[in-house]
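Shown next, in structure tokens, is the structure this report addresses.
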């Protein structure tokens, strides 16, 4: 460390003017004066204790303000699932995918009802219902054997009232419904089944 020139010290204390210093010492003194001026202009550094006391003295924010601050602040979300819970969740999703969705029934008018057709024809390839409600057109209202147990079913929206009908098996054989309960003779010497449809809205 170089010893300080006594004139430099005297110039800093104001005992002598800066003109008495050499050009090199004068530059050093001017730089030192500039640093002192900057430090004097800067606000006093606040100590840790003062900052803590200011934070304690500050009133706590209201509950709505705290909720708003929490909502607008990004949060990280980490989901941790145990293996047993993961399996249960996967099984639930699979069950929802396998279960049939509920069927929305047809919209019915004030003068319409639902007719349920059920017939047992084991070994039949197809069963359809024809009648006065569809101009006796074969194949327009097919029955289904979903369980492959020989029991064919269909639910049909029909106008309310009395209807004559027959079942057509395998597209060729016309037979009366053995479960109809009511029959009427047709113009060809056969018996047609009779169906009475009640309106859903009375």
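The values are calculated or read from the model by the stated rules, or taken from the named source; none is laboratory data. Quantities reported herein were computed from a predicted structural model and do not represent experimental measurements. Reconstructed Cβ throughout: ideal geometry from the backbone, glycine too, with neighbour counts over all protein chains shown.
Looking at this structure, is residue 142 at pLDDT 90 or above and within 25 Å of residue 184 (Cβ to Cβ)?
So residue 142 passes the test.
Residue-wise test of (1) touching a helix residue (DSSP H, G or I) at 6+ places or on another chain (Cβ under 7 Å); (2) touching a residue at least 12 places away in the same chain (Cβ under 8 Å); (3) closer than 26 Å to residue 109 by Cβ.
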| site | (1), (2), (3) |
| --- | --- |
| 133 | no, yes, yes |
| 146 | no, no, no |
| 156 | no, yes, yes |
| 169 | no, yes, no |
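Only one of 96, 89, 108, 71 is under 30 Å from residue 159 (Cβ atoms) and at pLDDT 65 or above; which?
108
Considering 177, 187, which residue is surrounded by 14 or more Cβ atoms within 10 Å (Cβ to Cβ), outside any strand (DSSP E or B) and either assigned by TED's automatic domain parsing to the domain that holds residue 131 or touching a residue at least 60 places away in the same chain (Cβ under 8 Å) (or both)?
Numbers: 187 fails: surrounded by 14 or more Cβ atoms within 10 Å (Cβ to Cβ).
Every option except 177 fails the conditions.
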